[in-house]
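Single-structure report; data block below.
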Amino acid sequence: MLVTGIGLSGQIKLKSSKVLIVGSGGLGCPSAVYLAAAGVGEITLVDYDEVELSNLHRQILHTEDDLGEPKVQSAYDKLHCINRNIRIIPVNQLLDSNRMKLIMSKTKYDVVIDGSDNVATRYLLNDSCVLNGVPLVSGSALQTEAQLTVFNHQNGPCYRCLFPVPPPPETVTSCGDGGVLGPVPGVIGVLQALEAIKIIVGLNGLLSQRLLLFDGINSTFRNVKLRSRNPNCAVCGDNPTITDLIDYEQFCRASAHDKVGNIDIVDESSNVSVQELFKQLGKKIVIDVRPKVQFEMCHLTHTVNIPFDDIIKADGVLKIQQLINNITVQEVYVICRRGNDSQRTIRFLHDTHQDSMMDLKNVRGGLHAYSQYVDADFPVF
Amino acid sequence: MVKVKLLFFARARELAGRSEDFITIPEKITCVELLEIIVKERSLQEIQNSIILSINEQLYHTDDIVNLREGDEIAVIPPLSGG
């Protein structure tokens, strides 16, 4: 490599280096492209997920032809075409403590790249890197914002030094729900590759003891100066209480992925199918409780948008009552994206407005089910 | 009392409903008290245990005593976990 400060010795270091990239998504894809092209000798890719259409705006190694394929396989195929002189190891697994231990015991990595999409995996990678003495290049992104730092390197802090307590799960927004503007994780993934190269080659100026905040709306980068590791940290402190990997899903009270699970909190008699909904459209009142931005993107005709957030916080209940008072039919269908917020709405109204005449029915499976069983042309995201 | 600028990031931005504004607070204050005031004034209770505070781009810890000056910038930073 011609760049001053890297040269032949730097290229040899890259060639003999090993990098673990966790997540082959919005961060992992751009990161992997640059590391493969730079000639990192061995790259291990870990992801359990399959390529979906909604990934392609940011997960740049995947194409429409890869839909349904394991992401690590799709990523492997493209990276192999970029550089055939390096070893790429795809691991198609959902990472947990035991699998992480196995991966870290087989290979001594120079750097781990955190391109994951959930809190549990972030703590897992942090603790594993601390216990194995490996620097962790941690990137994250949501909507139009992103964060980047190097943890556990040159006496710098680890993730737990900054955030000893995981955020309450209900306060964590995933990219699947909140959305993410494609170039935002792109910028951070590329910078993760840059930090990894600098660590491997031994360059200064790392983002260790610094947290980079990227605001894609204002196009600003802020550097927050951090401190050295916290001597009282539970994992990297002087007297650590965490000396082995734990159950991170339990610790975070959240799954180690960002998929939404289905809840079941209304009586069976309160459920109606999407086929029944289809028959009743235009006859019954149907309230769509998704956020306004989602309703604007696509909605069924004869449905009224009263967002769940308005119902629990503001004047949404009043709107529902006004809507119902205008007609004689009291049965009201409630629908949302996947059938969870519609149940939460019904539960909330049950608990807070027991005297109401409303007979609320949950449209089971929401608009995703509608698209699957009634009208395949109805868009899902 | 001094008037300082607050910068909100990620979930704190959503909860506060804005990316920045101003607040008037005592100039000598512990970081814990500072956090308590900001959490209360800007309704950040749900994330109060997972926020870091930086003042003029320097991280502060809970037991630090802070000497604030007019126009200082305090960033309220929760973790992001998406990717």
To the nearest 20 debye, chain A has a Cα-centred charge dipole, built from +1 on Lys and Arg Cβ and -1 on Asp and Glu Cβ, of 1420
A 20 angstrom limit on the alpha carbon distance is what I want to check against. Which of A:Lys292/B:Lys40; A:Lys101/A:Lys198; A:Lys18/A:Lys101; A:Lys225/B:Lys40; A:Lys284/A:Lys319; A:Lys279/A:Lys313 exceed it? A:Lys292/B:Lys40; A:Lys101/A:Lys198; A:Lys225/B:Lys40; A:Lys279/A:Lys313
Chain A: relative contact order as a whole-number percent, Cα under 8 Å and 6+ apart: 14
Given Cα pairs under 8 Å that are at least 6 residues apart, what percent is the relative contact order of chain B? 43
Post the alpha-carbon centroid distance, the range A:43-63 to the range A:113-170, in whole angstrom. 21
Residues A:Gln372 and A:Gln322, FRET efficiency given R0 of 35 Å [Cβ-Cβ distance, rounded to 0.05]: 0.60
Looking at chain A, which longest stretch skips every one of the trypsin sites (Lys or Arg not before Pro) that is in a DSSP loop with at most 16 other Cβ atoms within 10 Å, leaving the sites themselves out? A:109-226
For chain B, what does the accessible surface come to per residue with a 1.4 Å probe? Please give it in Å². 47
Two pseudo-spin positions, 7 Å from Cα along C-beta at B:Asn56 and at A:Ser219, lie apart in nanometres by 2.9
Taking the Cα centre of the protein assembly as shown as the origin and placing charges on Cβ (Lys, Arg +1; Asp, Glu -1), which of A:Ile324, A:Gly39, A:Leu56 is farthest toward the positive end of the dipole? A:Gly39
Estimated inter-spin distance, A:Ile265 and A:Gln250, nm [label 7 Å along Cα→Cβ]: 2.4
Euclidean distance between Cα centres, the range A:203-223 to the range B:1-70, Å: 20
By the Cα gyration tensor axes a ≥ b ≥ c (a/c under 1.5 gives rounded; else a/b larger than b/c gives prolate, otherwise oblate), the shape of the range A:268-373 is rounded
According to the square roots a ≥ b ≥ c of the eigenvalues of the Cα gyration tensor, what is the shape class of the range A:7-252, taking rounded for a/c under 1.5, prolate for a/b larger than b/c otherwise, and oblate for the remainder? rounded
Expressed in nm to one decimal, what extension gain is obtained for the pair A:Gln93 and A:Lys108 from 0.36 nm per residue of sequence separation less their Cα-Cα distance? 3.5 nm
For chain A, take the longest principal axis of its alpha carbons; what is the angle in degrees between that and the long axis of helix A:316-325, to the nearest 10 within 0 to 90? 30
Which loop-located GluC sites (Glu not before Pro) does the range A:10-54 contain, where loop means any DSSP state but H, G, I, E or B and the Cβ has at most 13 other Cβ atoms within 10 Å? none
If you roll a 1.4 angstrom probe over the protein chains with everything in place, what fraction of the accessible area of the range A:268-373 belongs to carbon and sulfur, to the nearest %? 51
Can you send over the carbon and sulfur percentage of the accessible area for the range B:2-77, probe radius 1.4 Å, protein chains only? 43
Among A:Leu203, B:Ile25, A:Ile89, which residue has its Cα positioned farthest towards the positive end of the charge dipole of the protein assembly as shown, with +1 placed on the Cβ of Lys and Arg, -1 on the Cβ of Asp and Glu, and the dipole taken about the Cα centre? A:Leu203
Hey, what angle do you get for helix A:97-106 against the long axis of chain A, alpha-carbon based, 0 to 90 degrees rounded to 10? 20
Nearest 10 degrees, 0 to 90: helix B:31-41 Cα axis against chain B principal axis: 60
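The values are calculated or read from the model by the stated rules, or taken from the named source; none is laboratory data. These figures come from a predicted structure and were not determined experimentally. Using ideal geometry, Cβ is built from the backbone for each residue, glycine included, and neighbour counts are taken over all protein chains shown. Each accessible area value is taken on the protein alone, full model and side chains, heavy atoms only, with ligands, DNA and RNA left out. Shrake-Rupley method; radii C 1.70, N 1.55, O 1.52, S 1.80 Å.
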